[in-house]
1. Quick check: pseudo-label points 7 Å beyond the Cα along Cα→Cβ at THR44 and THR283, how many nm apart are they?
2. Assuming 0.36 nm per residue, please report the length gained on full extension of the stretch PHE159 to LEU12 beyond their Cα-Cα distance.
3. Quick one: helix 493-511 against the long Cα principal axis of the chain, what's the angle to the nearest 10°, folded into 0 to 90?
4. In what order, largest first, do VAL367, VAL161, VAL339 sit by accessible area if the probe radius is 1.4 Å?
5. Specify whether the C-alpha gyration tensor of the range 7-62 places it in the rounded, prolate or oblate class, a ≥ b ≥ c being the square roots of the eigenvalues: rounded for a/c under 1.5, otherwise prolate if a/b is larger than b/c and oblate if not.
6. Using only the heavy atoms of the protein chains and a 1.4 Å probe, how would MET22, MET471 rank by accessible area, largest first?
7. Sorted by average packing, counted as other Cβ atoms within 10 angstrom per residue and highest first, what order do 176-182, 288-294, 452-458 take?
8. Can you pull out the trypsin sites (Lys or Arg not before Pro) in the range 345-437 that DSSP calls coil and that have at most 11 other Cβ atoms within 10 Å?
Amino acid sequence: MRIFNKQMFYILSSFLAGFCVMTIELISGRIVAPIIGSSVFTWTSVIGITLLGLSIGSYVGGQIADKTEGNKSLPLVFLLSSILVSLIPVLAANTNFITDSSDSILKLNLYLSIYLFLLPTLTIGLIQPIILKKFANDFSKIGSEYGILSFAWSSGGIFGVFLTGFFFISNIGSMETIWLMSLILFLVGGILAIKDKKIILLFIITILVVPNFLYFTQQKILNPKIIFQKETDYYNARVIDAYLPAYGNARILALDFDFHSIETKKVVEYYPEIYPIFANLKTNIKNILVIGAGAYTLPKHFKNYYKDADVSVVELDPEIINIGNDFFDLKKYNIKTIVGDAKIVINKNKEKYDVIFGDAYNSFISVPWYLLTEEWNNEIKEKLNENGIYAINFIGSLSGSKSEFTNSVLSTFKISFPNFYIFAFGKNPEYTQSITLVGVNGRLPISEGELSKKLLIGENSFLANKIIPVMYFKDSTSIILTDNFSPVEKLMESTIKSYFPKNLFEFKSILSI
């Protein structure tokens with residue numbers, strides 16, 4: 001009976017090790033995102049380094065299993081894993097030397113993943129071969145015995161993925177989840193070492209030293225600029241008050257690595273000020289839909305300017321509503337928020353609108369590609385009233401080597417909206433900048449020249465100088481983005497490489513005390 005219980009504990013240990021490593025892998029993207037953003041480079045690096053660590057660990061663990069006594073090595077490996085996992089939050093708070101080492105987003109993701117996750121996953125990788133050596137009783141049954149442990153490990157990993165995604169991140173937090181995984185590894189190792197006084201002494205010393213070390217290293221320097229911070233289901237959200245040369249005193253909504261909204265009393269020549277143009281293109285605007293809330297800057301402008309119109313917003317993260325109410329005066333406005341993914345909401349929504357504005361593109365690192373495709377544009381067109389307007393904002397370049405993404409977005413857009421206007425908010429066509437496409441579900445009501453003249457005498461008159469002649473774009477070889485093929489990351493690669501260093505510098509500058 002004792003052997004049965006011991007064997008069952010080995011199976012449980014394998015389950016918990018798999019549970020911990022997959023939880024750490026899923027959390028790792030959330031840890032990296034506030035440092036340098038979340039992109040395909042992030043997940044490629046995180047998953048690749050995790051697999052590298054596990055594979056090296058498995059090899060070394062096999063060597064350890066054959067050359068040492070498992071009774072001593074197994075609890076020590078669990079203890080070492082626990083310590084290294086617990087240090088991830090400490091390391092994550094000290095990454096400036098890495099982010100200062102390169103301007104390449106690809107390299108920085110690799111460096112950070114190696115720095116934060118290689119050793120913890122390598123030590124967890126040691127566990128399975130050592131458990132197998134202890135668990136296997138009969139070499140003739142080694143296949144089935146390995147299968148049992150592999151099943152336990154994989155089942156633990158599956159459980160960890162679902163529990164992390166559906167519970168840990170939103171109810172506990174990323175760093176707290178990391179410490180919980182460290183505790184689980186520690187407890188398993190402690191139980192395995194229960195009869196060895198010398199190893200138990202090591203565990204006791206660890207209990208006395210490591211928590212105190214973590215406590216003192218995690219005492220954060222209060223940054224008076226950050227007035228709110230919370231990890232939501234989707235972002236590490238921060239509200240920041242800071243002085244910006246171009247804006248003056250400003251309130252900023254930062255989601256992970258991106259400044260999604262900057263609000264100030266000063267009128268800045270930026271795309272959220274584009275709201276007056278729609279009155280020049282369509283009369284009697286009664287209902288407006290904005291995709292992507294941010295700090296509700298654009299929806300609030302719409303509501304102020306089109307006082308009789310119903311303004312609705314589609315927002316994926318429900319916590320953004322609370323942030324808007326508490327820090328960006330949203331409660332003063334009669335704006336309806338529909339919580340959900342825009343793709344699903346648009347499919348289910350039976351309403352039609354006079355204006356739809358796609359504002360989910362202000363993160364240059366992670367663009368929702370499925371909101372750029374030909375199929376999506378056609379879906380939006382069906383939701384517009386006659387002569388209704390669809391505008392989208394994104395970051396790109398008008399010309400030069402970084403214009404691939406812009407050309408593809410435009411080539412795709414004009415299939416559904418052949419009559420359109422282009423607004424750009426940069427000083428040079430080759431600069432990375434905000435670009436807004438404004439498509440009409442019908443004929444162009446006025447020419448670009450006439451629109452420019454009207455804007456010149458209206459509110460935000462600077463918009464008259466932001467119109468880019470449609471004839472400026474003659475590229476017919478661009479990739480058409482579809483639900484089947486939309487290589488957004490590849491098309492944006494040159495844009496990200498050029499803009500990332502500037503964004504990293506500004507982000508660190510604003511958050512510095």
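The values are calculated or read from the model by the stated rules, or taken from the named source; none is laboratory data. Note that the coordinates shown come from a computational prediction; the quantities given were computed from them, not determined experimentally. Every residue, glycine among them, receives a Cβ derived from its backbone with ideal geometry; neighbour counts consider all protein chains shown. Keep in mind that these areas ignore ligands, DNA and RNA; they rest on the heavy atoms of the full protein, side chains included. Shrake-Rupley method; radii C 1.70, N 1.55, O 1.52, S 1.80 Å.
1. Reported label-point gap for THR44 and THR283 is 5.3 nm.
2. Full extension of this stretch gives 51.6 nm more.
3. For 493-511 against the chain, the angle is about 80 degrees.
4. VAL339, VAL161, VAL367
5. oblate
6. The ordering from most to least exposed comes out as MET471, MET22.
7. With the highest mean Cβ count within 10 Å placed first, the list reads 288-294, 176-182, 452-458.
8. Those satisfying the criteria are LYS350, LYS427.
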